[in-house]
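The values are calculated or read from the model by the stated rules, or taken from the named source; none is laboratory data. As the structure is a computational prediction, the values presented were derived from the model and not from experiment. Every residue, glycine among them, receives a Cβ derived from its backbone with ideal geometry; neighbour counts consider all protein chains shown. For accessibility, only protein heavy atoms count, side chains too; no ligands or nucleic acids. Shrake-Rupley method; radii C 1.70, N 1.55, O 1.52, S 1.80 Å.
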Amino acid sequence: MKARKSALPGCALVALLGLVLGGLAFAFSAALVLGAGNLPLGTAPTPDAAGALALVTQVQTARAGVPFTVTVSEGTATLAARTALAAARVSEVNGADIRFSESGRLVATAEVGALGGRRLALVYDLAVDGTTLRPTLVGGALKLFGPADGALGWVLVPAGAITSQPLYAQAQRMIDAAAATFNLRSLHAGKGVLRLVLIKRT
């Protein structure tokens, strides 16, 4: 499956997290579900077209070698993820959402057809490795019952069960390729927002 170029180049890294969800749609089964726990998410973000357009404009007008600050809201990141999934024609994954937490984590969720339409969540720690953003998968969860955004009804999936899938590795390579477009000077993940200081490479 060959992905088209994202319509949101400024959100390329976040957008391609949606492709991780797409790749896992065909790799997961209920047999991977182990343990039990809760995953409180709160209200689902509303896709933010205006914020995405402003971000694209900012990135396109940035000068190579000059640092600039990018602020990505959950709404902008959610639209980016959904755009990436649509561009890649991933029909098995719907309603992708991206959330940021004060602990510096990103949570990507989506309804996965191969899992009976249940909601799957992937939890990443965000960190800077030199000049590159390194999202590290720390675990996942599957929604077995209750409202989609409720705190109850989530069953934990260990990170190793996710990263061992070949399609996950393929998606991770695409994320790394997107990250290579910019040097990352600093990162701050707060509740509902991600702030990056980037330098566009020549």
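Take the conditions (1) of a type in the set (Val, Ile, Thr); (2) surrounded by 16 or more Cβ atoms within 10 Å (Cβ to Cβ); (3) farther than 21 Å from Gly116 by Cα; Thr61 misses just one of them, which is (2).
In the set (1) out of contact with any Lys or Arg (no Cβ under 6 Å at 6 or more places or on another chain); (2) open to solvent by less than 50 Å² (accessible area, probe 1.4 Å); (3) modelled with pLDDT of 70 or more, Gly153 fails one condition alone, (1). For region 64-86, filtered to residues that are under 27 Å from Leu115 (Cβ atoms) and touching a Ser or Thr at 6+ places or on another chain (Cβ under 6 Å), the residue that is modelled with the highest pLDDT is Gly75. In region 75-104, what residues are over 22 Å from Asp125 (Cβ atoms) and of a type in the set (D, E, K, R)? Matches in region 75-104: Arg82, Arg89, Glu92.
Pairs are defined by a Cβ separation below 6 Å, a sequence spacing of at least 6 or placement on different chains, a first member in region 130-142 that is more than 19 Å from Arg173 (Cβ to Cβ), and a second member that is assigned to a loop (DSSP other than H, G, I, E, B); the pairs so defined are Ala141/Leu39; Leu142/Val33. Restricting region 26-58 to residues that are β-branched (Val, Ile, Thr) and open to solvent by 50 Å² or more (accessible area, probe 1.4 Å) leaves a set whose member that is modelled with the highest pLDDT is Thr46.
Within region 90-112, the set of residues being open to solvent by 40 Å² or more (accessible area, probe 1.4 Å) and either closer than 19 Å to Leu137 by Cα or out of contact with any helix residue (DSSP H, G or I) (no Cβ under 9 Å at 6 or more places or on another chain) (or both) comprises Glu102, Ser103, Arg105, Glu111. Residues that are touching a Leu at 6+ places or on another chain (Cβ under 9 Å) and of a type in the set (S, T, N, Q) number at least 1 in the following strands (runs of 3 or more DSSP E) confined to region 84-146: 93-100, 105-112, 132-143.
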